[in-house]
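Step one of this worksheet: look at the structure below.
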Amino acid sequence: AGRLAAYRAALDIARALDMPARQALLLCAVGKVLSAQGDAHAAEAHFEQAHQIARDRDDAFLLGFVLEHQGYHAQSTGDFAAARDYFAQEVELARTIDDAETQFYALLNYGSAEHDLQQYASALEHHQQALALAHELANPILTALALQSMGEDHARLGHPDEAQPCLQEALNIFRESGMQAKVREVENYLNALDGSGQ
């Protein structure tokens, strides 16, 4: 409640000072808290306002930021088709502004939404594109995130021989990076995979 009040106060100040870009960022911050509290309708209204500001300003970076928040919110409410559409828009936007890291996360999220929709082949394709960008950026953490997603796609497609090395490489990178939560997540997935006989 304290965080929500602080964001709303900051939003009022941004409106009073006529700072639209700051307003859009704060509308997303308020929307994110409302989404976490389960107030989907109010969250969506805030994201829509932010979306409108970004479009009115023709600010591609800002619009990408808003689309990502809209996608995460849609995922959290179980509306994976809407999430896929938001992330697909973000992918196109990131290509337009030629921002590799934004494009990476958009592709990763796009693939994850497709995975949730059981569109595993398409998810794998987008996660492979994300991996290529991670290599381009020479970023091991992004590489591991893409490999983890690819491993899960392969597992769902019934390709254990492709899934295992992806997941194992992701696990090694997460271990080296000290990312214990991700280590446990991938270990649990690998154990489940071994146990299922896939």
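The values are calculated or read from the model by the stated rules, or taken from the named source; none is laboratory data. Just so it is clear, the structure is predicted and the values come from calculations on it, not from any experiment. No Cβ is skipped: glycine too gets one built from the backbone with ideal geometry, and neighbour counts run over all protein chains shown. Accessible surface is based on the protein model in full, side chains and every heavy atom, while ligands, DNA and RNA are left aside. Shrake-Rupley method; radii C 1.70, N 1.55, O 1.52, S 1.80 Å.
Helix 80-97 against the longest principal axis of the chain: what's the angle in degrees, Cα atoms only, rounded to the nearest 10? The angle comes out near 80 degrees. Protein heavy-atom accessible surface, 1.4 Å probe, per residue over the stretch 1-127: 50 Å².
Against the chain, whose longest principal axis comes from its Cα atoms, helix 60-76 is set at around 60 degrees.
Computed from Cα positions, the angle between helix 100-116 and the longest principal axis of the chain comes to roughly 70 degrees. Largest GNM mean-square fluctuation across 118, 103, 37, computed for the chain with C-alpha springs under 10 Å, falls on 37.
The Cα atoms of the stretch 37-98 cover 34, 21, 13 Å along the three principal axes, with the biggest extent listed first. Simple rule: put +1 on each Lys or Arg Cβ and -1 on each Asp or Glu Cβ in the stretch 19-63, find the dipole, and look at 50, 35, 61; the Cα lying farthest toward the positive end is 61. Rounded to whole Å, the principal axis extents of the Cα atoms in the stretch 127-198 read 35, 26, 13, largest first.
For the stretch 11-125, which whole-number percentage of the solvent-accessible area (1.4 Å probe, protein heavy atoms only) is attributable to carbon and sulfur atoms? About 48 percent, which is the carbon plus sulfur part of the accessible surface.
With a ≥ b ≥ c taken as the square roots of the eigenvalues of the C-alpha gyration tensor of the stretch 28-158, please select rounded if a/c is under 1.5 and otherwise prolate if a/b is larger than b/c or oblate if it is not? Oblate.
Between the listed residues 190, 88, 118, the Cα displaced farthest toward the positive end of the dipole of the stretch 64-198, a dipole computed from Cβ unit charges relative to the Cα centre, is found at 190. Students often get this wrong: which residues of the stretch 158-183 have the backbone nitrogen under 12 Å from the point 7 angstrom along Cα-to-C-beta of residue 135? Of the residues in the stretch 158-183, none has backbone N under 12 Å from the label point off residue 135.
Sorting 89-100, 73-84 by their mean Cβ neighbour count within 10 Å, with the most densely packed peptide first, gives 73-84, 89-100.
For the peptides 166-179, 21-34, the ranking by mean Cβ contacts within 10 Å, running from highest to lowest, is 21-34, 166-179.
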